[in-house]
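Notes follow once the structure below has been shown.
The values are calculated or read from the model by the stated rules, or taken from the named source; none is laboratory data. Just so it is clear, the model here is predicted, and its values are computed rather than measured. Backbone-built Cβ (ideal geometry, glycine too); neighbour counts: all protein chains shown.
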Amino acid sequence: MLTTVGLEVHVQLDSKTKIFCGCRIQFGGAPNSRTCPVCLGLPGALPVLNRRVFDLGLRAVLALSGTISKKIKFDRKNYYYPDLPKGYQISQWDCPLGRGGFVELDSGKKIRLNRAHLEEDAGKLIHDQSPDTSLVDLNRAGTPLLEIVTEPDLENPAEAYEYLSHLKTILKAVGVSECDMEKGQLRCDANVSVRNAASDPLGKRVEIKNLNSFKAVKAALEFEVTRQTEAFEKGVALTQETRLWDDKLQKTFSMRSKEEANDYRYFPEPDLVPFTVSEEEIKTARAEFSKWELPRQKKERFAKQYGLSDYDACLLSGQDDVALFFEETVKLSKNAKAAANWIIGPVFAYLGSKGVTLNQTKLTANHLSKIYQLVEKGRMSFQAAKDNVFAEVIANGLDPETVMKEKHLEQVSEDGALIEWIAEVMQANPKVVDDFRSGKPSAAQFLVGQVMKKSKGKANPGKAKDLLLIKLKEI
Ligand code: ZN
Ligand code: MN
């Protein structure tokens, strides 16, 4: 069986105010406190397009390698729902902001985009405040959205997941959207169908809604592919419908038979005149866009500028906070290799184990570079730095040198202390000493290990080894 997936993603454009009025956008404000006659849909109120929203939309189209439309027109998409006071949503039907473009997966496969259009968000219904009433909060009504629609190029749930990750990284990198799914800034609907062979027409399309995370998108698609394949194999007819994903039950449920586009009776929005985008404006948008670095460009720059492998460059450039932190650390220490190793090693391990992002920790670039500089200068061992100092620094934001001194981790290089430890170790291990003296050089390594243990990691291992060899050769 072959699977065909198409995604419709709504991203909230990073504007301080709404798309057709001056109401501020703020997550979590008191219900209906950020509204005006325009976004409440009061009679006679007139929408005005927000310039910044338009510019962000253009930047997004360019970042996705799409073509900016010459003619821009808004349309009314008519439907009734209590969170939509006007009875229609202002969207774009036949003249979307952008057409075409693509998102490239790691395999090099290009997921083609059909279109990207501007529209307003609806309000929010609250069902859990009272057993017999639903409440309406219109703070979100009029929030600017860019709807990005793929061609049916995705062939399985894993590709859909990867497409979403790339899309998010690109849009964040060019400052178009924060794409915070928890705040509803990125929402996704998925269309999926199965068919027997590539020569068959596409199967009955099922649209899945209520997908609140990339993981949910993947799980819902996996569930649907199995459900549709089983129905197909049993000869049960599938219907074109809209289904809801239940994250708790990990199942989709039929919601309604799918409406066709013409059910929405799209017609031109008479309160917003169509306009053309001049060559000059497109040029300006391109110039503005060229100041931003796309994820792919950043990765290539990291590899070249810092001499990193493709894999390391990818890890370090993939998230904004990590990339910024890495570059700052290198600037302070002039040692890209050490910065890369420490971030990819101990830092990532810490973030993974605590389930936090770098920004949520107290680690600064200054502190991290200090840690490995202390190691480079031979003032503490790598082991002590990693196991005892780093954890304190990242968790509590303490200065590495202070932690090193307080924990008495400073490496001991003075001969006196080292010779004392060496003597104790040799006394406690006469057989190993004999082994060395009867021609088994590897025995020395064991003794160095014992010295390190005795010193609780504080002995300078190089120095300890040199002294030990001298002592072993004295009879
Ligand atoms: Zn308003
Ligand atoms: Mn939409």
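Go through region 369-475 and tell me which helices (runs of 4 or more DSSP H), entirely inside it, have 1 or more residues that are under 29 Å from ALA338 (Cβ atoms) and at pLDDT 90 or above.
Where helices (runs of 4 or more DSSP H) fall fully within region 369-475 and carry at least 1 residues being under 29 Å from ALA338 (Cβ atoms) and at pLDDT 90 or above, they are 390-396, 400-406, 415-428, 443-454, 461-473.
State all residues of region 113-130 that are of a type in the set (Asp, Glu) and either near ligand 2 (Cβ under 9 Å from one of its atoms) or out of contact with any Cys (no Cβ under 9 Å at 6 or more places or on another chain) (or both); if no residue qualifies, say none.
Selection gives GLU119, ASP121, ASP128.
Checking PRO274 against (1) at pLDDT below 95; (2) in the same structural domain as ASN212 (by the TED database), which single condition isn't satisfied?
(1)
Which residue pairs have Cβ atoms closer than 7 Å, lie 6 or more positions apart in sequence or on different chains, and pair a first residue in region 136-150 that is in the same structural domain as HIS117 (by the TED database) with a second residue that is more than 15 Å from ligand 1 (Cβ to nearest atom) and polar (S, T, N, Q)?
THR143/GLN12; PRO144/GLN12; LEU145/GLN12; VAL149/ASN114; THR150/ASN114
The rows are residues; the columns are (1) in contact with a Gly (Cβ under 6 Å, 6 or more places away or on another chain); (2) within 16 Å of ligand 2 (Cβ to nearest atom); (3) farther than 22 Å from ALA190 by Cα.
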position: SER15; (1), (2), (3): no, no, yes
position: PHE27; (1), (2), (3): no, no, yes
position: ASN32; (1), (2), (3): no, no, yes
position: LEU49; (1), (2), (3): no, no, yes
position: THR67; (1), (2), (3): yes, no, yes
position: LYS70; (1), (2), (3): no, no, yes
position: PRO82; (1), (2), (3): no, no, yes
position: GLN89; (1), (2), (3): no, yes, no
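Determine which member of the set GLY44, GLY28 is away from ligand 1 (no atom under 15 Å from the Cβ) and touching a helix residue (DSSP H, G or I) at 6+ places or on another chain (Cβ under 9 Å).
GLY28
For THR252, all conditions in the list (1) more than 30 Å from PHE54 (Cα to Cα); (2) without any contact (Cβ under 8 Å) to a residue 24 or more places away in the chain; (3) not in a helix (DSSP H, G or I) hold save one; what is the number of the exception?
(2)
Out of SER65, SER69, SER33, which single residue is within 13 Å of ligand 1 (Cβ to nearest atom) and among the small types (Gly, Ala, Ser)?
Exactly one residue qualifies, and that residue is SER33.
Do we find a residue being under 19 Å from the mean Cα position of the chain (by Cα), among the aliphatic types (A, V, I, L, M) and under 30 Å from THR67 (Cα atoms) anywhere in region 323-330?
Yes, that holds for at least one residue.
Taking into account only those residues within region 92-133 that are polar (S, T, N, Q) and at pLDDT 95 or above, which is nearest to ligand 1 (Cβ to nearest atom)?
That would be GLN92.
Give me a count of the residues in region 17-32 that are free of Cβ contacts under 8 Å to residues at least 60 places away in the same chain and either more than 24 Å from ILE126 (Cα to Cα) or in contact with a Cys (Cβ under 7 Å, 6 or more places away or on another chain) (or both).
Number satisfying all stated conditions: 2.
For VAL53, indicate whether it is over 22 Å from LEU186 (Cα atoms), within 16 Å of ligand 1 (Cβ to nearest atom) and touching a residue at least 12 places away in the same chain (Cβ under 8 Å).
Working: over 22 Å from LEU186 (Cα atoms): no; within 16 Å of ligand 1 (Cβ to nearest atom): yes; touching a residue at least 12 places away in the same chain (Cβ under 8 Å): yes.
Taking the combined requirement at face value, the residue does not satisfy it.
Look at CYS36 and say whether it is farther than 19 Å from VAL174 by Cβ, among the hydrophobic types (A, V, I, L, M, F, W, C) and either free of Cβ contacts under 8 Å to residues at least 60 places away in the same chain or not assigned by the TED database to the domain that holds CYS188 (or both).
yes
Let's see how each residue does on (1) surrounded by 15 or more Cβ atoms within 10 Å (Cβ to Cβ); (2) under 25 Å from the mean Cα position of the chain (by Cα); (3) closer than 24 Å to ARG187 by Cβ:
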{"position": "GLU233", "(1), (2), (3)": "no, no, no"}
{"position": "ASP247", "(1), (2), (3)": "no, yes, yes"}
{"position": "LYS251", "(1), (2), (3)": "yes, no, yes"}
{"position": "GLU279", "(1), (2), (3)": "no, no, no"}
{"position": "GLN305", "(1), (2), (3)": "no, yes, no"}
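Tell me which residues, restricted to region 335-388, are surrounded by fewer than 20 Cβ atoms within 10 Å (Cβ to Cβ) and in contact with a Gly (Cβ under 6 Å, 6 or more places away or on another chain).
LYS362, GLN383
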